[in-house]
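The values are calculated or read from the model by the stated rules, or taken from the named source; none is laboratory data. Source: prediction; values computed, not measured. Reconstructed Cβ throughout: ideal geometry from the backbone, glycine too, with neighbour counts over all protein chains shown.
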Amino acid sequence: MNLTVGFRTVFLSPESGPVILSLTGSSLYRIFVNGQFAGQGPARTAHGHYRVDSLDIAEFLVPSAVNLVAIEVAGYNVNSYYLLDQPAFLQAEISSIDGIIAATGAMGEFKALLVPQRIRQVERFSFQRTFTEYWRLSPGWNNWQTSASAEFKHEDLAVQPAGKLIPRQIAYPEYQIIFPDQITSSGILRQGKKVKTPWISRALGSVGPDFKGFQRDSLDLTTSILLQEVETANRVRLHSQWSSNDSLVLEENQWSILDLKTNLTGMIGCSLEVKLPSRLVITFDEILDSKGDVDWKRLGCTNAITLDLAPGFYSFESFEPYTLRYLKFNLLSGSCRVIAPYFRELANPHAAKAAFKASDPRLMQLFEAGRQSFRQNAVDIYMDCPSRERAGWLCDSYFIAKADAYLTGESVLEHSFLENFIMPDSFTYLPRGMLPMCYPADHNSGVFIPNWALWFILELEEYYHRTGDKELVEAARERVMQLFEYFAPFLNDDGLLEGLDSWVFIEWSKANDFVQDVNYPSNMLYAGALHAAGHLYGDSLLNARGKTVRRTVEQLSFDGEFFVDNAVRDETGLHNTANRTEVCQYFAFFFGVATPASHPDLWSRLTASFGPARDPKLSFPDVHPAAPFIGKLLRLEVLSRYGLAEQVMSEALDYFLPMAERTGTLWERDGATASCNHGFTGYLSAILLRNLLGLAVVNPTARELTIRFGDLSLEWCSGTRHVPGGIIELNWRKVDGKLHYQLDLPDSWTVRVNNFSGMELVKTN
């Protein structure tokens with residue numbers, strides 16, 4: 001576990017032309033060419049499959065000279081939500097138009113060496129991710145990466161059996177270098193704090209047969225315990241501007257906090273001038289606590305990198321990506337200067353394609369926060385958060401994919417994400433037919449979310465509408481049908497799912513307490529999945545079953561005022577409970593169990609009495625509030641569906657703007673107790689383009705656009721969205737009681753205009 005190995009080759013580069021480095025591996029690698037960072041990977045994919053990166057490294061080479069390619073590979077070999085637990089390896093070759101220059105293998109030109117400076121026996125970063133970073137460095141430790149003439153001990157490695165190699169498909173990340181914006185505070189540390197009952201992270205306390213890691217008594221350093229014995233003794237608030245050339249001069253027990261201005265994801269780097277043997281601990285988080293300090297364990301993680309440094313000069317960059325706005329440098333011993341600390345961003349390179357502007361600048365701030373949340377969670381897979389787990393969760397992906405379509409105009413990443421769930425022959429630890437709740441990941445415990453597998457079908461249908469990709473849909477057919485076979489034994493005499501196994505999950509709210517026996521939101525979702533599969537595969541029987549389930553749920557679960565969440569069974573039969581949640585109502589309207597026409601009183605109550613202004617203690621106190629995910633998104637979705645654009649705008653600002661103002665990203669929950677950067681919230685940017693700008697329906701396969709102008713208080717709005725073959729650009733402005741608009745479309749696109757603005761439309765050139 002947690003073995004770091006370096007691979008390097010020295011070669012004479014050609015005078016000109018491309019030089020292609022093709023590689024794949026497990027668990028993770030980063031690439032250096034002549035000492036310069038050139039990329040990281042691989043893109044995560046399914047068990048037994050490996051996506052191949054192909055990089056033209058010519059820009060890093062000196063033509064007709066000796067060049068060095070060095071690849072650092074971390075073999076974690078543990079189960080996680082983040083990476084697969086499979087044997088660590090690297091497969092690489094360098095080629096030019098003249099043929100193969102160098103390659104790995106038994107007789108290959110790449111040589112391997114151990115990288116003992118990254119200490120193996122450390123605690124895991126979180127329950128969901130792999131290991132923390134603890135480095136012991138002395139001058140010249142990374143010469144193997146930077147010097148063609150460096151000496152090192154060559155290690156003999158075993159040749160791994162061939163795996164299934166597939167193209168990367170998706171774009172390579174953006175690696176922008178970003179420097180801190182200001183130094184917020186500095187002060188003094190006090191060590192030796194006595195902690196009566198130390199906090200033991202879930203990752204530290206759960207190590208055992210089903211959760212791989214090192215036992216606590218075998219660790220070289222337990223960073224989470226060390227940091228609990230350190231406290232801030234003195235603080236000076238500075239809020240001074242910081243430049244890329246600035247440095248921190250730290251003596252023993254001194255600290256400083258730097259602010260990146262907004263929440264970002266990537267690798268932490270700096271140069272270090274060390275005068276005395278030093279221990280530097282870098283802690284970080286997305287927010288500051290109430291005292292203005294970095295709470296490194298806020299997410300149940302150990303947000304820390306530890307460096308033990310001998311005197312000398314270093315360049316250091318973290319191996320793993322982390323998510324943060326604030327960096328705290330804590331010098332526990334010694335003396336050192338932290339020179340030009342920086343952040344190498346890891347983000348989706350295409351998220352800047354879309355544009356949005358409006359007369360209310362708060363909306364642009366919200367749009368950018370949604371865009372940032374998307375681009376940091378859509379690199380090689382769709383992720384829930386880039387910090388605590390970096391996991392590819394279903395359901396989250398349904399909403400991130402919508403953001404992807406609006407922000408990038410592409411569905412390449414979505415294809416790769418869905419493909420991962422289709423390619424494996426089976427999923428170890430899961431019952432036949434069930435899909436992992438997140439993937440690629442290994443869940444040795446056998447836990448799964450049956451609801452999330454149903455969201456996979458819904459996303460597949462939307463993917464098909466976006467792309468017309470029949471090949472992927474057909475490849476998923478067996479998986480979809482096996483999923484319905486899995487659910488069949490749980491159908492009761494009413495044709496509803498009852499007594500579902502494992503983790504029946506609705507959202508992070510009281511709704512999760514009401515999932516026993518017959519859970520009505522789960523059955524609404526089941527009806528939606530049947531309907532989606534019926535459309536995908538032209539199966540009228542599935543469509544009919546979906547309609548029947550939808551009708552049965554409506555008949556059984558509506559109490560005359562609200563839909564109840566569940567019914568429980570006793571010796572006399574099945575009986576509705578009095579449990580009512582806000583999210584259950586949105587499920588009903590989202591999945592067509594109810595409409596404003598069929599349930600006008602309920603619709604009126606929801607639109608008038610619910611939303612961000614509602615006080616659940618005073619207004620319908622027995623209807624439990626919804627969470628941001630997924631209830632509040634579903635609320636915005638159903639309001640959008642029925643043309644309430646002004647209300648969508650107002651509620652989106654009320655719900656999410658305080659998040660954007662604090663971190664520049666959007667959050668998992670209402671408070672800052674969880675991730676402050678969650679992928680599903682990228683959908684807010686799509687909502688603004690769709691409901692405020694007016695790009696209501698974009699059908700790339702049919703090359704059709706529906707514009708819908710709503711009754712909005714905005715004075716003007718403009719924006720763009722990329723589509724295959726070009727760009728859609730729409731601008732509108734209110735002038736003298738009329739709505740003037742300008743539209744540019746790619747060739748052969750058709751447009752339909754729906755006007756609900758209450759104003760005369762004037763099209764201009």
Scan the stretch 57-66 and give yes if some residue there is crowded, with 17+ Cβ neighbours inside 10 Å and either part of a strand (DSSP E or B) or without any contact (Cβ under 8 Å) to a residue 24 or more places away in the chain (or both), otherwise no.
no
Matching entry among T681, T701 (being out of contact with any Cys (no Cβ under 8 Å at 6 or more places or on another chain), among the polar types (S, T, N, Q), touching a residue at least 60 places away in the same chain (Cβ under 8 Å) and over 27 Å from A511 (Cα atoms))
T701
Filtered residues of the stretch 520-542 (kept if surrounded by 17 or more Cβ atoms within 10 Å (Cβ to Cβ), polar (S, T, N, Q) and either at pLDDT below 95 or over 28 Å from the mean Cα position of the chain (by Cα) (or both))
none
Hey, can you tell me all the residues within the stretch 145-184 that are under 24 Å from I57 (Cα atoms), of a type in the set (V, I, T) and surrounded by 16 or more Cβ atoms within 10 Å (Cβ to Cβ)?
I166, I170
With the stretch 394-493 as the region, which helices (runs of 4 or more DSSP H) entirely inside it contain at least 3 residues that are surrounded by fewer than 17 Cβ atoms within 10 Å (Cβ to Cβ)?
470-475, 477-487
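Table: residues versus (1) buried (at least 24 other Cβ atoms within 10 Å of the Cβ); (2) more than 25 Å from the chain's Cα centre (by Cα).
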position: R669; (1), (2): no, no
position: A672; (1), (2): no, no
position: C676; (1), (2): yes, no
position: T681; (1), (2): yes, no
position: S685; (1), (2): yes, no
position: L689; (1), (2): yes, no
position: N699; (1), (2): no, yes
position: R708; (1), (2): no, yes
position: D711; (1), (2): no, yes
Look at A588 and say whether it is in contact with a strand residue (DSSP E or B) (Cβ under 6 Å, 6 or more places away or on another chain), among the hydrophobic types (A, V, I, L, M, F, W, C), more than 27 Å from F709 (Cβ to Cβ) and part of a strand (DSSP E or B).
no
Within the stretch 595-605, is there a residue that is assigned to a loop (DSSP other than H, G, I, E, B) and either touching a strand residue (DSSP E or B) at 6+ places or on another chain (Cβ under 9 Å) or at pLDDT below 95 (or both)?
yes
Taking L227 as the residue in question, decide whether it is among the aliphatic types (A, V, I, L, M), in contact (Cβ under 8 Å) with a residue 40 or more places away in the chain and closer than 29 Å to F313 by Cα.
yes
So T302 fits all but one of (1) more than 28 Å from L666 (Cα to Cα); (2) among the hydroxyl-bearing types (S, T, Y); (3) assigned to a loop (DSSP other than H, G, I, E, B); what number is the exception?
(1)
If I filter the stretch 38-52 for residues that are of a type outside the set (D, E), in contact (Cβ under 8 Å) with a residue 60 or more places away in the chain and over 21 Å from T130 (Cβ atoms), do I get at least one hit?
yes
Testing F343 on (1) over 19 Å from the mean Cα position of the chain (by Cα); (2) assigned to a strand (DSSP E or B); (3) buried (at least 23 other Cβ atoms within 10 Å of the Cβ); (4) not basic (K, R), one condition comes back false. Which one is that?
(1)
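Table: residues versus (1) free of Cβ contacts under 8 Å to residues at least 60 places away in the same chain; (2) surrounded by fewer than 22 Cβ atoms within 10 Å (Cβ to Cβ); (3) in a loop (DSSP other than H, G, I, E, B); (4) not assigned by TED's automatic domain parsing to the domain that holds L12.
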residue	(1), (2), (3), (4)
L55	no, yes, no, no
A74	no, no, no, no
P87	no, yes, yes, no
A102	no, yes, no, no
M107	yes, yes, yes, no
A112	no, yes, no, no
F127	no, yes, yes, yes
Going through L634, L602, L644 one at a time, which residue ends up being under 16 Å from D565 (Cβ atoms), under 33 Å from the mean Cα position of the chain (by Cα) and in the same structural domain as K510 (by TED's automatic domain parsing)?
L634
For A567: the one exception among (1) of a type outside the set (S, T, N, Q); (2) touching a strand residue (DSSP E or B) at 6+ places or on another chain (Cβ under 6 Å); (3) closer than 15 Å to A626 by Cα:
(3)
